[in-house]
Amino acid sequence: MNDIQPDYRFEIVESSPRRRHTMFEKGLYDVSLFDHLEWGWNPEEVDATKVFLKGGERYITARVPKGTHNFFTDVSSKKIGAILGYHYRFANFETDPEKLKKRFDINLVTYQEQIIKQVLSHRIQIGVITETFLKKYLRENSEDREKITISDTYDQEYNFIGIVRKKALISASELEQIIVSVTKSPKYQWISDQYGIKWQN
């Protein structure tokens, strides 16, 4: 995004799903990518770009026989691995860890690869994993492909947008044009090739 235009300089601000709204309120950053308005944002405080990428989360488990995908039908009855601070449909989008632990047998971690490793080691029965990350992981760890069963259905599907603070130096429409320029540039085709994603132009 910095290479494709000279007007703005983007820098990465490290955060976490639980801290990002607090950091935003403190003015520590102005733009959030790969986001969604329904994930805790106040429309009076932010503007949004159009959808530039679609995504979703699948359930995974250690390999089960073919034809047994109904294993995923009742997720709540099994030990679950999920990311701390993420919004999940099976949990009615609740993010409070104490409330989640009262309702489910759930293990909350901070990295998606931890979920896969816990599935493979049988520490959890079901993991909820971002589909894009799962595809990347299996390309890089092909030996695990036959050890994992992936659900036919999603926990949720979502449309990724960019979130921009109102009255920030950059507007949502300007951010949108920069994103479109990146996604349409042959120079950055490697991004979609490497991660197996399809941009929404």
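How far apart, in nm, are the 7 Å Cα→Cβ label points at Thr22 and Gln194?
With each label point 7 Å from Cα toward Cβ, the separation is 3.2 nm.
If you look for lysine pairs in the range 87-187 that are eight or more places apart or on different chains, how many of them have Cα atoms under 16 Å apart?
Count of close lysine pairs: 5.
In Å, the Kirkwood hydrodynamic radius of the chain over pairs of distinct alpha carbons?
18.5
Pairwise over distinct Cα atoms, reciprocal of the mean inverse distance: report the Kirkwood radius of the range 6-77 in Å, one decimal place.
Averaging 1/r across every pair of different Cα atoms and inverting gives 16.2 Å.
What FRET efficiency comes out for Leu37 versus Glu146 if R0 is 30 angstrom and r is the Cβ-Cβ distance? Round to the nearest 0.05.
Taking R0 as 30 Å, the efficiency between Leu37 and Glu146 is 0.15.
In degrees, nearest 10, range 0 to 90: what is the angle between the Cα axis of helix 172-184 and the longest Cα principal axis of the chain?
Tilt of helix 172-184: around 70 degrees.
Work through the residues other than Ile197 whose Cβ is under 11 Å from its Cβ and net out their charges, Lys, Arg +1 and Asp, Glu -1.
Net charge in that neighbourhood comes out at +2.
Taking a virtual spin label 7 Å from the Cα of Glu14 along the C-beta vector, which residues in the range 103-134 bring their backbone nitrogen under 20 Å of it?
From the range 103-134, the list is 109-115.
What trypsin sites (Lys or Arg not before Pro) does the range 157-194 have in DSSP loop regions with at most 11 other beta carbons within 10 Å? Please report the intermediate quantities before stating the final value.
Working: sites: Arg165, Lys166, Lys167, Lys184, Lys187; in loops: Lys166, Lys167.
When the trypsin sites (Lys or Arg not before Pro) of the range 157-194 are filtered for loop state and at most 11 Cβ neighbours within 10 Å, Lys167 remain.
What residues have an amide H closer than 5 Å to that of Ile197, excluding those fewer than 5 places away on the same chain, when H is modeled at 1.01 Å from N in the peptide plane?
Counting only residues 5 or more places away or on other chains, the set is empty.
With a 1.4 Å probe and every protein chain kept in, tell me what percent of the accessible surface of the chain is carbon plus sulfur.
In the chain, the share of accessible area belonging to carbon and sulfur is 48 percent.
Once the Cα gyration tensor of the range 74-159 is diagonalised, what are the square roots of 5 times its eigenvalues, in whole Å and ordered largest first, as equivalent ellipsoid semi-axes? List each step's numbers first, then the result.
On the way: eigenvalues 92, 40, 28 Å².
Each semi-axis is the square root of five times an eigenvalue, giving 21, 14, 12 Å.
Over what distance in Å are the Cα centres of the range 1-23 and the range 114-155 separated?
When both Cα centres are located, 28 Å separates them.
The values are calculated or read from the model by the stated rules, or taken from the named source; none is laboratory data. In this text, all values refer to a predicted model and were calculated from it rather than measured experimentally. Note that each Cβ is placed from the backbone with ideal geometry, even for glycine, and that neighbours are counted across all protein chains shown. Please note that ligands, DNA and RNA were not included when accessible areas were found on the heavy atoms of the full protein model with its side chains. Shrake-Rupley method; radii C 1.70, N 1.55, O 1.52, S 1.80 Å.
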